[in-house]
Structures are given as structure tokens and as C-alpha cells.
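Notes for the one structure printed next.
The values are calculated or read from the model by the stated rules, or taken from the named source; none is laboratory data. Here the structure is a predicted model, which is why all the values come from computation and not from measurement. Note: ideal-geometry Cβ built from the backbone for every residue, glycine included; neighbour counts use all protein chains shown. Accessible surface areas use protein heavy atoms only, side chains included; no ligands, DNA or RNA. Shrake-Rupley method; radii C 1.70, N 1.55, O 1.52, S 1.80 Å.
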Amino acid sequence: GPAQAEMYAGLQELGVANGEDLKETLTNCTEPLKAIEQFQTENGVLLPSLQYALPFLDLHGTPRLEFHQSVFDELREKLLERVSAIALEGKVEERYKKLEDLLEKSFSLVKMPSIQPVVMCVMKHLPKVPEKKLKLVMADKDLYKACAVEVKRQIWQDNQALFGDEVSPLLKQYILEKENILFSNDISFLQNFFSPSPKTRRQGEVVQKLTQMIGKNVKLYDMVLQFLRTLFLRTRNVHYCTLRAELLMSLHDLEISEICTVDPCHKFTWCLDACIREKFVDNKRARELQGFLDGVKKGQEQVLGDLSMILCDPFAINTLALSTIRHLQDLVGQDTLPRESPDLLLLLRMLSLGQGAWDMIDSQVFKEPKMEAELITRFLPLLMSFVVDDHTFTVDQKLPSEEKGPIPYPSTIPEAFTKFLQENRIACEIGLYYILHITKQRNKNAFLRLLPALVETFSDLAFSDIFLHLLTGNLTLLGEEFALEEFCTSLFDGFFLTACSRKENVHRHVLRLLLHLHHKVAPAKLESLQKALEPTKQSGEAVKELYNQLTEKLELRKPSPAEVTETPSMELPLPTVPTPASR
């Protein structure tokens with residue numbers, strides 16, 4: 001067919017006879033058998049010793065094709081080895097000259113399946129494949145597919161759109177993987193979204209593939225960062241910030257200095273990565289991070305855009321917020337005010353920078369966000385007063401109560417706290433982490449006291465997936481409380497159900513929680529929740545699927561009618577034992 005003809009057309013250019021030549025010879029001859037023999041002699045393997053060996057193979061019934069094929073395969077292997085060797089020997093200019101000559105000779109045969117690996121191997125070893133050849137490869141889908149990544153990099157670096165087509169599905173996959181973890185049906189306070197270490201996360205498929213695609217090519221690295229910035233701006237999805245940091249650290253692991261030395265965030269990210277690994281910012285690293293921030297020079301402020309994206313990574317925010325809560329507890333013990341703690345102020349500064357990433361990249365105004373004094377002078381002392389309330393209550397419980405009766409746990413929340421959570425982003429983030437902290441401590445009183453403040457928060461942060469993922473995990477520690485009507489009403493009616501109808505993700509998280517804890521919930525409450533959580537026509541597939549799973553579980557729990565009617569007991573009744581009155 002025409003494809004065959006095209007495949008072998010290159011042979012004629014090289015003065016090698018092909019099928020067309022044989023056809024022509026046979027058409028124009030008087031003795032076909034003689035002509036065939038002549039053709040075999042002229043185009044066979046020219047080795048004198050073969051003259052006697054071939055008839056011997058014929059006797060054994062080995063077809064000539066099989067013999068030629070095995071000779072060919074052997075030669076191709078040798079050639080591939082030789083090409084790889086040439087790429088490493090002699091002076092640089094000479095070795096590349098040899099390879100370029102070889103490419104020039106062999107490229108016309110690139111469509112022949114048997115020769116293609118050799119041509120591809122030559123191109124792979126050329127740091128700069130001639131433009132014309134790259135264009136031919138690019139124009140042919142099959143050739144492009146067969147290319148080594150080393151050749152594709154050369155194509156990509158001047159074709160951003162093509163590179164974008166290759167990277168785009170990987171970025172989609174990455175976001176999907178993150179969301180699957182946040183909505184996973186396994187709920188636990190031990191294993192959550194933030195459990196895997198940075199090193200483990202960087203072994204993920206997408207990060208590894210992108211690292212491989214970039215190689216040592218700074219231009220491609222910059223393109224990927226540009227894609228990530230653009231997508232972050234378009235979607236506000238913070239997982240792109242995680243990928244920004246993971247990619248840099250993956251290149252760091254491989255010691256690709258060509259890229260690490262030109263990324264101005266490298267050392268900052270490396271230091272922050274160590275903090276994320278420990279889930280804590282210690283004093284020594286705090287000093288180091290501060291040094292980087294203070295060292296941003298006039299005229300280089302644009303680096304703040306990159307640093308803010310690194311700090312906007314949820315893993316970074318998580319580390320900064322956990323460290324902030326730990327610092328506040330220490331300050332209570334030391335009787336120190338937040339404004340007197342430089343370490344705490346640095347954590348807030350980094351939180352501000354991270355939380356301001358989107359605005360900074362969007363506005364292209366590269367300066368650190370101003371810290372509100374109120375946050376330090378009013379909000380944090382408020383949180384510290386909650387810590388004090390808990391201490392006081394615990395101590396009071398232990399004191400022998402005289403006439404005064406038990407002291408109730410403070411149930412009201414200062415209005416200022418609620419207002420801060422609504423109006424100040426950093427306050428809201430820290431407030432939410434404080435609530436996660438008390439839930440993890442199984443502090444039911446403090447949890448119920450502060451829960452009403454979560455119904456309205458800054459840009460609905462209390463209904464964000466990361467917070468709800470962590471909250472549902474920590475709530476498993478309060479499992480026993482779900483048997484109490486009052487607790488369930490506060491949690492479900494007072495918090496979750498206020499947003500379920502307008503926020504699909506909240507609906508999903510409540511169903512996840514109930515799938516995990518339904519057996520602990522008071523039966524009457526469970527029934528009303530089942531009604532309240534029924535999917536609507538607008539509900540997505542995920543909600544319907546979870547609701548069906550929950551319904552199935554609850555069906556299994558219902559006693560069957562047979563069990564309900566008492567079966568008359570055949571056994572003799574046990575004698576009743578009188579219980580001692582003095583208890």
C-alpha cells in the first residue's frame with residue numbers, strides 16, 4: 001500500500017534496493033529465477049563465508065527472512081550501543097558532528113519500524129536536534145509519540161501550547177487526587193490530609209512525571225510555574241500552591257542545580273519544607289525564614305509573589321497555624337502578651353503573606369500585607385483567655401465543693417470573637433485551628449461554647465473542605481457525645497445543616513461523618529437527620545452515592561420484624577439475685 005511505499009522510500013535515497021526495484025527487475029526479465037538469484041547475490045549480506053552457510057540453513061528449513069532478520073537485529077543492537085558510546089567519547093564538537101551526520105543519513109528511514117529505534121536514539125543523544133527535523137517529528141503524531149523525552153523537551157521549549165496540552169491532564173489529575181483524599185470515606189484523627197511527609201508526597205505520580213518532563217530545562221520549569229500561577233488565579237484552588245512547592249523540592253531532591261539555583265524561592269522553600277516535616281516552626285528555622293523575608297531587596301519585590309504562593313500551600317498554613325496555637329499556650333504559661341513574642345509575630349507575618357497570595361498575584365502589587373494591630377492586641381489575648389477559662393474550670397472541678405455547688409462552664413462567647421472570625425482572615429484561620437485543637441483534646445465544653453461562632457466566618461472558611469476534613473476526623477474522638485440529643489442538635493442543626501442546602505461539599509462531609517458514626521447517634525436524632533440530608537434534584541452524584549451508602553447501613557441496623565416479637569423462652573428463668581442496698 002502507499003504507507004508501505006512511504007515507509008521504504010528512504011531506501012532508494014541511500015542507494016539500497018527495495019521491493020519496487022525487485023518488481024521492476026522481474027517485470028523486465030526473461031528468466032525470473034536467474035533474476036531472483038542475481039538480486040539475492042547483489043543485495044544479500046556480503047560475507048564470503050556465507051556462500052556455503054546459506055544453502056546449509058536452507059536444508060534445515062530456516063527461511064532466508066528469518067536469517068536476515070536475526071542478522072539485522074544483532075546489527076541494530078550493536079549500532080544502538082555504538083550511538084550511545086559516540087555520545088560520550090571524544091571532543092564535544094566531534095561527537096555531536098558524528099551524530100549529526102548519522103542523523104542526516106538515517107532520518108529518511110525513520111518510518112521503518114526496524115530502523116526507527118536507531119534514529120530515535122541518535123536524536124535522543126543530540127543536545128540540539130536540527131530545527132528542520134524537529135518540525136518533521138512534530139508534524140507526525142506517531143513520530144512525536146515515539147520520541148524520547150529528551151527530544152520532546154526540545155520541541156516543547158518553543159511550543160508552549162503543545163507543552164500545555166501535555167501538562168494539563170496531569171494538573172487535573174493532581175487536583176482530583178487531593179480532593180479524593182479530602183472526601184475519603186476513611187475518617188480518622190490519626191490519619192488525615194496532612195499526615196504524609198513532604199518526601200512521601202513528592203513521590204506522587206504527577207510530581208514525578210512533571211519532574212521527568214522538565215529535566216534540567218529552566219524554560220520548561222518556568223512554563224509549568226506560569227501554568228500554576230494562572231490556574232491558581234483562575235480557580236483560587238490552593239492545591240496548585242502545594243504543587244509549586246513540591247515540584248521545586250522534587251528537583252531539589254535530585255540535586256538539579258541548573259534549576260534550583262535560579263529559583264529565588266529555593267532556600268526559603270527548603271527551610272519551610274523542614275518545618276512542614278516536623279509540623280512545627282522552631283526558633284532556629286524561624287530566624288532563617290525571617291532572614292529570607294527581610295532580605296528581599298529593593299527592585300526584587302516580585303519574589304514576594306512566589307514566596308506568598310509557597311506560604312499559601314495548605315501544608316505550610318497548617319504548620320504555621322499549629323505552631324501559632326502552641327505558642328499561645330506557652331505564652332499563657334509564661335504570662336507574656338502576644339505582642340512581646342517575636343516568634344509569634346513572625347508566624348503571623350508568614351500567615352498573612354500566605355493568605356494574601358491570591359490578591360498579590362492578582363493585583364501584581366508586590367508588598368507584604370499590613371498586619372492589623374487589633375489581631376495582636378485584641379484577638380490573640382481573647383484566645384488566650386479561652387485557654388485560661390479551661391484551666392480555671394478544670395481546677396474548680398477538682399476543688400472540694402462546699403455550699404456553692406458546681407461552677408458551670410462559661411457558655412457565652414465574647415461578641416468580639418465572633419466579629420473577628422467574620423471580618424479578619426488571619427483571625428479566622430487561627431480561630432478555626434484553635435477549635436480543631438480543643439476538639440482533639442476531647443474538650444466538649446469548649447467545643448460547644450465556640451461552635452456557634454462558626455456559622456458565619458470570613459469567606460465561609462469554616463465550611464471549606466480542609467477544615468471540615470480535619471473537624472470530622474477530630475470529632476471521632478467525641479464519639480460518645482453523639483448519643484446525647486443536645487450535642488447533636490448543637491452540631492448538626494446549629495452548624496452543619498445551616499449550610500448543607502447551599503453548599504454541596506458540606507452535605508458530603510456530614511454524610512461522611514454519619515457513615516462513620518451512625519451507630520453512636522441517638523436513634524430519634526438519626527431518623528430526623530436522615531430526612532434532613534435527603535438529596536434534592538440538584539444534588540450531585542457524590543451526595544447521592546453517600547446517601548445511598550448511609551441508607552443501606554441504616555437498613556442493616558434495623559431489627560427484622562421476626563426479632564421484635566418475643567420468642568417464648570424454653571429455658572428456666574434464672575433466680576433473681578437481690579442487690580445489696582448499701583451502695
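Quick notes on this structure:
- Pairs spanning more than 18 Å between alpha-carbon atoms, out of Lys78/Lys111; Lys178/Lys440; Lys419/Lys503; Lys520/Lys558; Lys444/Lys531: Lys78/Lys111; Lys178/Lys440; Lys419/Lys503; Lys444/Lys531.
- Spin-label proximity, Lys537 to the stretch 501-529 - amide N less than 18 Å from point 7 Å beyond Cα toward beta carbon: 501-502
- One chain, two ends: Glu552 and Asp389. Fully extended at 0.36 nm per residue, the span grows by 54.3 nm beyond their Cα-Cα distance.
- Oblate is the label for the stretch 413-551, because the ratio a/c of its alpha-carbon gyration tensor axes (a ≥ b ≥ c) is 1.5 or higher and a/b is not greater than b/c.
- Percent of Cα pairs exceeding the 16 Å cut-off, where the set is the stretch 145-225: 59
- Couplings for the stretch 439-454, taken from phi via the Karplus curve 6.51 cos²θ - 1.76 cosθ + 1.60 with θ = phi - 60°, read 5, 5, 7, 6, 8, 4, 4, 5, 4, 5, 5, 8, 3, x, 6, 8 Hz in order; Gly and Pro are left as x.
- Using the average count of surrounding beta-carbon atoms within 10 Å as a protection proxy, the listed peptides 117-126, 157-166 rank, highest first, as 117-126, 157-166.
- The stretch 334-340 - phi-based ³J(HN,Hα) in whole Hz, Karplus 6.51/-1.76/1.60, Gly and Pro as x: 8, 6, 10, 7, x, 5, 8
- At 1.002 mPa s and 20 °C, Stokes D of the stretch 160-374 from Kirkwood alpha-carbon radius, µm² per second: 118
- Expressed as a whole percent, the accessible surface of the stretch 426-498 that belongs to carbon and sulfur atoms is 49, based on a 1.4 Å probe.
- Mean accessible surface per residue for the stretch 413-551, computed with a 1.4 Å probe while every protein chain stays in place, in Å²: 40
- Semi-axes of the equivalent ellipsoid for the stretch 211-330, Cα gyration tensor, largest first, Å: 25, 16, 15
- With an a/c value of 1.5 or above and a/b not larger than b/c for the gyration tensor axes a ≥ b ≥ c computed over the alpha-carbon atoms, the stretch 295-339 is described as oblate.
- Accessible surface of the stretch 292-424, 1.4 Å probe, proportion on carbon and sulfur as whole %: 54
- Contour excess over end-to-end distance, with Cα ends at Lys398 and Asp362 and 0.36 nm allotted per residue: 7.5 nm
- Of the GluC sites (Glu not before Pro) in the stretch 372-477, the ones in a loop by DSSP (not H, G, I, E or B) with at most 10 other beta carbons within 10 Å are Glu402, Glu403.
- The calculated FRET efficiency for the pair Glu131 and Lys91, based on their C-beta separation and a Förster distance of 22 Å, comes to about 0.40.
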